[in-house]
């Protein structure tokens, strides 16, 4: 029987495990015997705050790695103790995008080449073998390590999710405190040119982003929103985050947004993902704006075609907190800040 989150955390509190520093380390694909060490690593890095339950359960970790949607790579000592982890896993609606993420290294093993070794192992051949359009990554913005890694592996930022993750556990030596914003980065392996319908208020910024990264798009003329909205919801309760993925924005999008928020009350962050390949996108973006949503960025090929990310926070975002490495990332945040500041009623 699968253990509950509470049961797994109680078990890890009772036996968190320790790893002696300074040991030699090898990097390789996940093995079933790594599962206990992976759970302990999550507990060591995130305490009890990681929003996904399965990461604290060795049985579920091993089961997830047995399927096609998760490929973990582990840094382990000669004794088999896990000191680092990274992975490719499916989170996007487009099955031909996988996320590169979950990078964690015990503090005693940081500072050398292990981060690059682990990421290089996960990206060396697997994306091509799996026939992926793109590899997606998220860099936390309370330090610069993951952003430096993204730059090293040519994964530029396309979106910035403000305060999408909870603070690190009390006493953590990582980060600078406060809720954590995330840069959404993509390395495109196989682009799919298509027509997009850019909202007027974001058109210049998005067109420049397409041109900068060599993504071929045709720009269509906006049309009205009609019919009924088709959408789905995903949530991350531990992060106080809810997402509405809109497949088709209809004339009733405002009602759909109201129902989405009412059905998920008290979240710190609400996000909308709107289809840029839909002629009614401009009208949909304005409707979302009337409900307090502001610019987040672009998610190329996210559903097979491109998606516009909009976001809403239930308190004013702290734009002083994100640490950003590149001029492009800073320009992105400036665009987000200016759009948030211009929301109706501010």
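Every read-out reported here was derived from the displayed coordinates using simple, explicitly stated rules and does not represent laboratory data. Values in this document were obtained by computation on a predicted structure and should not be read as measured data. For neighbour counting, all protein chains shown are included, and Cβ atoms are generated from backbone atoms with ideal geometry for every residue, glycine included.
If you work out P(r) over Cα pairs in 20 Å bins from 0, in percent from the coordinates, which of (i) 29, 58, 13, 0; (ii) 32, 59, 9; (iii) 28, 53, 19, 1 do you get?
(i)
Expressed as a rounded percentage, what relative contact order does the stretch 1-69 have, with Cα pairs under 8 Å and six or more residues apart? Working shown, then result.
Details: 43 pairs, mean separation 28.6, N = 69.
Answer for the stretch 1-69 is 41 percent.
To test your reading of the geometry: what angle, between 0 and 90 degrees and rounded to tens, separates the Cα axis of helix 114-123 from the longest principal axis of the chain?
Once rounded, the angle reads 60 degrees.
Mind pulling the angle between the C-alpha long axis of helix 35-46 and the longest principal axis of the chain? Nearest 10 degrees, somewhere in 0 to 90.
For helix 35-46, the angle is close to 60 degrees.
Please give, to one decimal in nm, the separation of the simple spin-label points placed at residue 218 and residue 110, each 7 Å out from Cα toward the Cβ.
It works out to 4.9 nm between the two label points.
If contacts are Cα pairs under 8 angstrom and at least 6 residues apart, what is the relative contact order of the stretch 219-346 in percent? Could the numbers behind the result be given before it?
Values: 217 pairs, mean separation 28.8, N = 128.
With pairs under 8 Å counted, the relative contact order is 22 percent.
Taking 0.36 nm per residue of separation and subtracting the Cα-Cα distance, what length does fully extending residue 48 through residue 258 add? Please list the in-between numbers first.
Details: separation 210, 0.36 × 210 = 75.60 nm, distance 3.18 nm.
Taking residue 48 through residue 258 to full extension adds about 72.4 nm, to one decimal.
Quick check: the distance between the Cα centres of the stretch 254-293 and the stretch 69-107, to the nearest angstrom?
Computed from Cα coordinates, the inter-centre distance equals 32 Å.
Is the shape of the stretch 167-264 best called rounded, prolate or oblate, per the rule: a/c under 1.5 gives rounded, else a/b larger than b/c gives prolate, else oblate, with a ≥ b ≥ c the square roots of the Cα gyration tensor eigenvalues?
Taking the square roots of the gyration eigenvalues as a ≥ b ≥ c, the stretch 167-264 is oblate.
Return P(r) of the stretch 194-341 (all Cα-Cα pairs; 10 Å bins starting at 0; whole %; ordered from short to long distances).
Going out from 0 Å in 10 Å bins, the stretch 194-341 shows 11, 41, 36, 11, 0 percent.
Assuming R0 = 56 Å, can you tell me the calculated FRET efficiency for the pair residue 191 and residue 23, based on Cβ-Cβ distance, to the nearest 0.05? List each step's numbers first, then the result.
On the way: r = 43 Å, r/R0 = 0.76.
After rounding, the FRET efficiency stands at 0.85.
Only helical DSSP H runs with n ≥ 4 go in: add -39500 (n - 2.57) per run for the chain, normalise by residue count and round the 222 nm mean residue ellipticity to 500 deg cm²/dmol. Walk me through the numbers before you get to the answer.
Details: 10 runs with 101 residues, N = 346.
For the chain, the value works out to -8500 deg cm²/dmol.
Using 7 Å Cα-to-Cβ label points, what is the residue 200/residue 59 separation (nm, one decimal)?
5.9 nm
Note down the relative contact order for the chain as a percent, whole number, built from C-alpha pairs under 8 angstrom at least six residues apart. Display every interim value, and only then the final one.
On the way: 673 pairs, mean separation 46.8, N = 346.
With pairs under 8 Å counted, the relative contact order is 14 percent.
Angle between the Cα long axis of helix 327-341 and the longest principal axis of the chain, 0 to 90 degrees, nearest 10?
On a 0 to 90 degree scale, this one is about 50.
Between residue 318 and residue 91, what is the FRET efficiency for a Förster distance of 25 Å, r being their Cβ-Cβ separation, to the nearest 0.05?
Once the sixth-power term is evaluated, E becomes 0.45.
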